Amino acid sequence: MNGAHALLGTLCANGVSVCFANPGTSEMHFVASLDDAPEMRAILCLFEGVATGAADGYARVTGKPAATLLHLGPGLANGWANLHNARRARVPLVNIVGDHATYHAQYDAPLQSDMDSLARALNGWQKRTMSPDDVARDAAEAISAAYGPPGQIATLILPADSSWGALSEDPAAWPVAVRRPESLPDDHMLERALELLRTKKAAIFVGGTATSKEHLGLTKRIASACSARFMIETFPAIIERGAGIASPERLIYLSEFASAQLAELEALILIGTNEPVGFFAYPDIPSTVVARSCEVVALAPPGTDTLFTLRELAEGLDAPAVPPESGEVPRAPSGALNRQSFAAAVAATLPEGVIVADESNTTGTDLFNATRFAPPHRWMTLTGGSIGFGLPVAVGSAVASAGRVLALQSDGSMMYTPQALWTMAREGLDVTVVGLSNRSYAILNYELQRVGATMEGATSQRMLEIDDPELDLAAIASAQGVPSLRVTTSEELTSALERSYATPGPMFIEAMFSKGLGA
């Protein structure tokens, strides 16, 4: 029995039963050991950013870590952007990175790099395992660290000789990871929050783990009891939504509008998340969006038991039950494709239980309101802002769930990780992808105006256009084994969505918008 057997045995013994992998030479003993670990579902990804994004999606849906298997420093670097998104989502993730054999590092071989610094920049847990006999213990420690709370990236660097080396003796049992409980809110801060909710113009601002149906219902009760506003962070990792589920007011993405949205507040109570700030800096616009006169109470920061906290607030306010919200789902639209008709088509066809991976960017501005009273579903957003998350997260979500996943994917972002489509086809995953084609980096055209940059020439304008040559998204999907079609009207989009939901396996729908509109 070698170190790779010990790693797989410990992962499986602790419920880490999925590994999204892009292996290389240093990881071959792990790959070979998969034949002796039938409990582990190993899923090949053609790019490391797909593997890391898929592990993020899996964790968002299940609350449990999947493993990634990456190859040396360049592999970790390739997967880093979606590890960043996972870090911002505060999900548990066990990130295994193979390395050169310990004795080989001194020779500075071509793939040698400062891998430790790359891992350290993820602000999580990391360790380098130097002996086969240490692998099982370090793997259990990595799983414990990944759970947090809050969840985090736990990177285990595994030199090749620690993987292929034999154990000094076969263990009687694999070590068990320790899961630490969430912390409880400070009593004094709890009393202060209650006082502010009773006496001030206040908002309860939720995010992180406080986005389940139960959490949202409790928050709605509390807000109703004291006439407070009920708000959510702009980009929650995953939130339950739809008919019968309390729907919060979403913080606006644009800093100046977010500041205006919060301007009248005298108190902001944070549950499961941190104080909101501007996504970027802009000339003459403050980086903070909360008014200086507003008292911010970090009552339940990430890692705190948010359900306990909300129950304490509800009890302290003697908050009565509130009737469920009700409203109309948009009808299936007709005519040309635009932001409004796209959102209506998604809402009108959305099946109950679907998980939405939303990287629709500017085209999706109307989605949140349109789907408010759709059948119950879950919605995932781009927590860390690093584009190329949508398709990989959809892969991991589909592996984690028995239901359908809907990926709403803008064209520019799709080209960061199109390899995820191949994994969807290979694994037969029930994913519907809507590729939003407008042949432009529309968000950058908008940001150009907001930062005050002047662009008058053809050279600079060409940096924001992706129509020369024009991308054929449907052909890209077909080439990777995913059935695809192209739609140009709202009726065609609605029909394609309905057909996809009724058909097992993946399907790609390229929705053609006017150039520069939305996506």
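The values are calculated or read from the model by the stated rules, or taken from the named source; none is laboratory data. This structure is a prediction, so every number in the text was calculated from the model and none was measured. Cβ atoms come from the backbone with ideal geometry, glycine included; neighbour counts cover every protein chain shown.
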- Enumerate the pairs (first residue in the stretch 261-275 and at positive phi; second residue anywhere and in a loop (DSSP other than H, G, I, E, B)) with beta-carbon separation below 6 Å, excluding pairs fewer than 6 apart on the same chain, so at least 6 apart or on different chains. GLY272/GLY207; GLY272/GLY208; GLY272/THR209; GLY272/ALA210
- Message: For the stretch 10-83, give me every one of the strands (runs of 3 or more DSSP E) that falls completely inside it and has 3 or more residues that are at pLDDT 95 or above, surrounded by fewer than 22 Cβ atoms within 10 Å (Cβ to Cβ) and in contact with a helix residue (DSSP H, G or I) (Cβ under 9 Å, 6 or more places away or on another chain).
- Response: 41-44
- Considering residues of the stretch 331-351 that are in contact (Cβ under 8 Å) with a residue 40 or more places away in the chain and either β-branched (Val, Ile, Thr) or within 13 Å of ALA243 (Cβ to Cβ) (or both) only, the residue surrounded by the fewest Cβ atoms within 10 Å (Cβ to Cβ): PRO351
- Mind listing whichever residues of the stretch 343-369 are more than 19 Å from ALA502 (Cα to Cα), modelled with pLDDT of 95 or more and among the β-branched types (Val, Ile, Thr)? none
- In the stretch 255-271, anything surrounded by fewer than 19 Cβ atoms within 10 Å (Cβ to Cβ) and modelled with pLDDT under 95 is listed as GLU256, PHE257
- Selection from the stretch 201-239 of residues that are part of a loop (DSSP other than H, G, I, E, B), aliphatic (A, V, I, L, M) and either within 28 Å of the chain's Cα centre (by Cα) or at pLDDT below 95 (or both): ALA210, ALA237, ILE238
- Query: Which fully enclosed helices (runs of 4 or more DSSP H) of the stretch 92-200 have 3 or more residues being in contact (Cβ under 8 Å) with a residue 24 or more places away in the chain and under 19 Å from PRO302 (Cβ atoms)?
  - Reply: 135-147, 187-199
- Note on the structure: Note on the stretch 274-299: residues touching a Ser or Thr at 6+ places or on another chain (Cβ under 9 Å) and either outside the structural domain of GLU214 (by TED's automatic domain parsing) or assigned to a loop (DSSP other than H, G, I, E, B) (or both) are GLU275, PRO276, GLY278, PHE279, PHE280, ALA281, PRO286, SER287, VAL289, VAL290, ALA291
- So is VAL356 farther than 20 Å from SER227 by Cβ and not in a loop (DSSP other than H, G, I, E, B) or not? yes
- Message: Every residue in the stretch 412-422 that is touching a helix residue (DSSP H, G or I) at 6+ places or on another chain (Cβ under 6 Å) and over 18 Å from THR503 (Cα atoms), please.
- Response: THR417, PRO418, GLN419, ALA420
- Note on the structure: Only unsatisfied item for PRO376, checking (1) surrounded by 15 or more Cβ atoms within 10 Å (Cβ to Cβ); (2) more than 18 Å from THR234 (Cβ to Cβ); (3) modelled with pLDDT under 95, is (3)
- Task: Considering every residue within the stretch 199-214, establish whether at least one is surrounded by fewer than 16 Cβ atoms within 10 Å (Cβ to Cβ) and in contact with a Lys or Arg (Cβ under 9 Å, 6 or more places away or on another chain).
- Result: yes
- Message: Test of understanding: among ARG137, ARG180, ARG192, which residue is closer than 28 Å to TYR103 by Cα and charged (D, E, K, R)?
- Response: ARG137
- Within the stretch 393-412, count every residue that is polar (S, T, N, Q) and surrounded by fewer than 24 Cβ atoms within 10 Å (Cβ to Cβ). 1
